[in-house]
Amino acid sequence: MNLVSHVIIRRLHGVDELEDARHVCDSVWPSVAGGTEITQNLITAMEHAGGYMSAAYLQEAPHKPVGAVVSFLGRHKEADGEWHTHLHSHMTAVLESVRDKSIGTLLKRDQRLWAIDNGIETITWTFDPLVRRNARLNLIKLGADVSEYLVNFYGAMQDQLNHGDDSDRLMAAWRVTSERANAAAAGTLKPLTEIPHGALVVELPEDIVALRQADMAAAKRWRLQVREQLTSALAEGYELVGLDVNDSYVFEKRD
């Protein structure tokens, strides 16, 4: 079965519908202490203030969410010195039972359409630089750029996936009508099969989530190694241009 053709993306409004997004986020990032990733009053306020919220459902179970996006409006200063409104996509979650079946891509593409319809040119979000599947989604399937490396951005996190590790993140900036975004939507943005002369290549662990559970010391060594490589590359004027066929980051020097 082509699962993608059996997925419904629904935009959420109001307390009752937003509970579907909360349920998915709490299922994907269960709290060590048994709490919630996002409270009902906060997600309601974010949506009411203009944020985009959505959930994914399978056609055979249209009332059971299997994925969700939680995002809110923000603003940033461009090179022209002017402030611009953007959408910050705080959480994109897909249940483990249907993961790696393009449901996250469908959710993000609907978010892109919403942004275009509402005159928002940029969507931002953070992602763990060590998680391969997230890097592949963000850089190849969506065509986002990376603007900065954020060391231990969220501080100590209390969900079971991230507990005990530093919360380093890359900041993604998705220019929703850019050439890269359009190429990704058309399926023509691909991993690099040839590495340009002078490029830097940064390898990633096979599965950092599994490694944290099996050997936290090894996971932390990967964290520090990739942190040093990425922060140095960005400080020296290199730009993250994509992934190679092994899901390694590829950096090229800016002109």
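Of note:
- Accessible surface ranking that places the most exposed of 17, 47 first, with a 1.4 angstrom probe: 17, 47
- About its Cα centre, the chain has a charge dipole of approximately 300 debye under the convention of +1 per Lys or Arg Cβ and -1 per Asp or Glu Cβ, with nothing else charged.
- The angle separating the long axis of helix 216-235 from the principal Cα axis of greatest extent in the chain is about 70 degrees.
- Rounded percent of accessible protein surface that carbon and sulfur make up, the chain, 1.4 Å probe: 50 percent
- When only Cα pairs below 8 angstrom with a gap of at least 6 residues are kept, segment 129-230 shows a relative contact order of 33 percent.
- Note: relative contact order over segment 1-134, using C-alpha pairs below 8 Å and six or more positions apart, is 23 percent.
- Ranked order, 97, 5 - accessible area, probe 1.4 Å, largest first: 97, 5
- Probe 1.4 Å, all protein chains present, accessible-area order of 127, 153, 72, largest first: 153, 72, 127
- Solvent-accessible area per residue, Å², over segment 46-132 with all protein chains present [probe radius 1.4 Å]: 46 Å²
- Relative contact order for the chain, counting Cα pairs under 8 Å that sit 6 or more residues apart, in percent: 15 percent
- GNM remark for the chain: springs join alpha carbons under 10 Å apart, and the peak mean-square fluctuation among 216, 171, 91 falls on 216.
- Cα-based radius of gyration of the chain once divided by 2.2 N^0.38 Å, which approximates compact folds: 1.00
- Residue 174 sits with roughly 0 Å² accessible to a 1.4 Å probe, with DNA, RNA and ligands left out of the calculation.
- Each Lys and Arg adds +1 at its Cβ and each Asp and Glu adds -1 at its Cβ; summed about the Cα centre, segment 1-83 shows a dipole of about 80 debye.
- If you run the Gaussian network model on the chain, springs between alpha carbon atoms under 10 Å, then out of 220, 141, 77 the most flexible one is 77.
- For segment 122-196, diffusion coefficient by Stokes-Einstein and Kirkwood Rh (Cα), 20 °C, 1.002 mPa s, µm²/s: 160 µm²/s
- When the chain is treated as a GNM with alpha-carbon contacts under 10 Å, the residue of 219, 45, 56 showing the greatest mean-square fluctuation is 45.
- Measuring between their Cα centroids, segment 24-51 and segment 59-135 lie 15 Å from each other.
- With the helix formula -39500 (n - 2.57) applied to DSSP H stretches of n ≥ 4, the chain reaches a computed 222 nm mean residue ellipticity of -9500 deg cm²/dmol.
The values are calculated or read from the model by the stated rules, or taken from the named source; none is laboratory data. Quick caveat, the model's predicted, so the values are computed rather than measured. Neighbour counts are summed over all protein chains in view; Cβ atoms, including those assigned to glycine, are modelled from backbone coordinates with ideal geometry. Accessible surface areas use protein heavy atoms only, side chains included; no ligands, DNA or RNA. Shrake-Rupley method; radii C 1.70, N 1.55, O 1.52, S 1.80 Å.
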